[in-house]
Amino acid sequence: MSKFGFFTQFLIIFKWIRYTLFIMDFFKNKVKNKLKKYQEQKLDEILFKIQFHESTKIELEKKKKQSPHDDVKLAKDIAYHAQMVDIWIGNEKKLRKQMADNERD
């Protein structure tokens, strides 16, 4: 085999590898973008749920202050919404951490 033949084969293989890496990078970026959009959508949902449970809890606390007697169901509902706020804040922190990790990659 001549040197020219070897060099030509080397160039063909090198170009094939570069093309393959380009295709892989293209799809990797496409998946990353879809993941980012999905995570942003989930973050919006989480923030909405936090806002909902916080506002509901505040309204129930106002009702409790206005009520002349102790309402057990109202107290349970307030505790439930407070717990849900804590849960969703935890979910928000986890998701933001995942998003930060994905940005670094």
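Residue separation times 0.36 nm, minus the C-alpha to C-alpha distance between residue 38 and residue 75: what's the value?
Gain on extension, residue 38 to residue 75, equals 9.7 nm.
By per-residue mean of other Cβ atoms within 10 Å, what is the highest-first order of 59-66, 24-31, 47-54?
By packing density, highest mean first, the sequence is 47-54, 59-66, 24-31.
Take the cross-link list 42/65; 15/36; 37/76; 36/93; 30/97 and give me the ones stretching past 27 Å between alpha-carbons.
42/65; 15/36; 37/76
Assign unit charges at the C-beta atoms only (+1 for Lys and Arg, -1 for Asp and Glu), then state the dipole size of the chain relative to its Cα centre in Debye, rounded to the nearest 20.
It comes to approximately 580 debye.
How many percent of all Cα-Cα pairs in segment 3-104 sit more than 24 Å apart?
Above the 24 Å cut-off, segment 3-104 has 56 percent of its Cα pairs.
Given 23, 98, 58, which one lies farthest toward the positive end of the charge dipole of the chain, if we put +1 on the Cβ of every Lys and Arg and -1 on the Cβ of every Asp and Glu?
23
Only the coordinates and a few stated rules stand behind these numbers; no lab work does. Please read all numbers here as calculations on a predicted model, not as lab measurements. Neighbour counts are summed over all protein chains in view; Cβ atoms, including those assigned to glycine, are modelled from backbone coordinates with ideal geometry.
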